[in-house]
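Where a number appears in this text, it was derived from the coordinates with a stated rule and is not lab data. Here the structure is a predicted model, which means the values were calculated and not measured. When we count neighbours, we look across all protein chains shown, and the Cβ atoms used for this are built from the backbone with ideal geometry, even at glycine.
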Amino acid sequence: MWGISQSNSIPSALKNKEYILKYNLTQSNGSKLVVRLLQANTGKQVFKKDYAIPGTAKVAFLFHKAVSDINNVLKYPDISWISRYIVYATYTSPGRSEIRLSDYTFSYRKTIMKGGLNLFPKWADSKQRSIYYTSYRETKPTLYKLNIYSGAKTKIISSEGMMVCSDVSADGRKLLLTMAPNGQADIYELNLATGAKTRITKFSGIDVNGRYGNNEQSIVFVSNRLGYANVFKKAIHSSATSKVVYHGRNNNACDANGNRIVYSSRESKSSFGDNRFNIYVTSLNNSSTRPITTTGSNQFPRFSGDGSIVLFLKQQGNRTSIGYTNLHSFQSLLFPFNGKKIQSIDW
């Protein structure tokens, strides 16, 4: 890649390549990016587009959008996920945290909520205009909805003990909540239009991290009902519950997309050092289970919207990285995360 020009000439040394990308970035008044894709052997222009945003802070998103568009022109599998925001909570000091936005490489970061303890951010809509998060500034844990553009904030619900929004229905009308009004954590479904709550799990132990599955007719969740953390499923309107994961004895995080599930499983037992966690992908019918990671401590698995990519957090030695695995090719990308401890993450 080199500075863009009006000429379609290609240096002789590069004519054995398939395509050449020329670009020009200016940041004198906002950020403007022009990209041109040329056939290397002929110099014929295949694609040209101008991109612009006010300011310079989000320049990474111009490049992400351009790469995604070029990818589509060349008819490769969709990678529009690289243009999406990541939202995460990070601890800043004892009893205090911040909620931040980033791009998928974490080269762009912006704090959107600070002051007190604000945790468990969850996107409220597929267009990424609002998030849900839990505030601990009041006497009870309280769920709020925040518009990330206008800053408008709406109180949704409070509960004794625990309050976490773990999933949002596709139409945005219902939430899966983990609440503990009576001392034990259970999963509830909240109808936002009516305010009605439906208790989905009724176990005397711990049921958390509910995720919609099977066209939102069932949920998967983490429970200690076998004496250790594992992943279970149940229909929303049925009492029958069954185990999903038969690998490992400490599976403390999961996500679902359709009939597929990703989960984090502890694979070592150290009383004084770091434990190794790996991430696996399986299905609700247990037809197959495959590892996504094999080294380090890997947590917070999250599906992309189309279920083709899994995001995760990797800790290896003193290094923390944000990872992405393509479930079709099983290729992975890692980007260094140089910041304070992440409490939760969503995209």
What number, in percent, do you get for the relative contact order of the chain if the mean sequence gap of Cα pairs under 8 Å and at least 6 apart is divided by its residue count? 9
Could you pull out every residue, at least 5 positions away or on a different chain, whose amide H is within less than 5 Å of the one on residue 229? Hs are placed 1.01 Å off N in the peptide plane, and Pro or chain starts have none. 251
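Please give me, ordered by residue number, the trypsin sites (Lys or Arg not before Pro) of the range 268-347 that lie in loop per DSSP and have at most 13 other Cβ atoms within 10 Å.
Of the trypsin sites (Lys or Arg not before Pro), the ones in loops of the range 268-347 whose Cβ has at most 13 other Cβ atoms within 10 Å are 269, 340, 341.
Using a ≥ b ≥ c from the Cα gyration tensor of the range 275-319 (square roots of the eigenvalues), is it rounded, prolate or oblate, where a/c under 1.5 gives rounded and otherwise the larger of a/b and b/c decides, a/b for prolate?
Working: a/c = 3.23, a/b = 1.60, b/c = 2.02.
Oblate.
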Among 9, 301, 74, which residue has its Cα furthest toward the positive end of the charge dipole of the chain, with +1 on Lys/Arg Cβ and -1 on Asp/Glu Cβ? 9
Against the longest principal axis of the chain, how steep is helix 59-73, in degrees 0 to 90 to the nearest 10, with axes from Cα atoms? 80
P(r) over all Cα-Cα pairs of the range 2-73, 10 Å bins from 0 to the longest distance, whole percent per bin, short to long, reads 20, 47, 26, 7
Non-local amide H neighbours of residue 108 (under 5 Å, H modeled in plane, Pro and chain starts lacking H): which ones? 103
Too-long pairs where the Cα-Cα distance tops 22 Å, listed order kept, from 65/153; 122/341; 202/341; 58/155: 65/153; 202/341; 58/155
How big is the Kirkwood radius of the range 80-346, worked out from every pair of different alpha carbons and given in Å to one decimal? 18.9
In Hz, Karplus ³J(HN,Hα) per residue of the range 294-301 (6.51, -1.76, 1.60; θ = phi - 60°; x = Gly, Pro): 9, 9, x, 10, 10, 9, 6, x
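In debye, nearest 20: dipole of the chain around its Cα centre with unit charges on the Cβ of K, R (+) and D, E (-)?
On the way: 46 positive and 20 negative charges, 93 e Å.
Using only the charged Cβ atoms, the result is roughly 440 debye.
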Here, chymotrypsin sites (Phe, Trp or Tyr not before Pro) of the range 54-153 satisfying both criteria (DSSP loop; at most 13 other Cβ within 10 Å) are 149
Rounded if a/c is under 1.5, else prolate if a/b is larger than b/c, else oblate: which is the range 224-347, with a ≥ b ≥ c the root eigenvalues of its Cα gyration tensor? oblate
Using θ = phi - 60° and the Karplus curve 6.51 cos²θ - 1.76 cosθ + 1.60, what whole-Hz ³J(HN,Hα) does each residue of the range 162-172 get, with Gly and Pro shown as x? 7, 7, 9, 8, 9, 7, 10, 5, 4, 8, x
Just want the answer: with Cβ charges of +1 for Lys and Arg and -1 for Asp and Glu, which residue in 169, 143, 184 is farthest toward the dipole's positive end in the range 118-222? 143
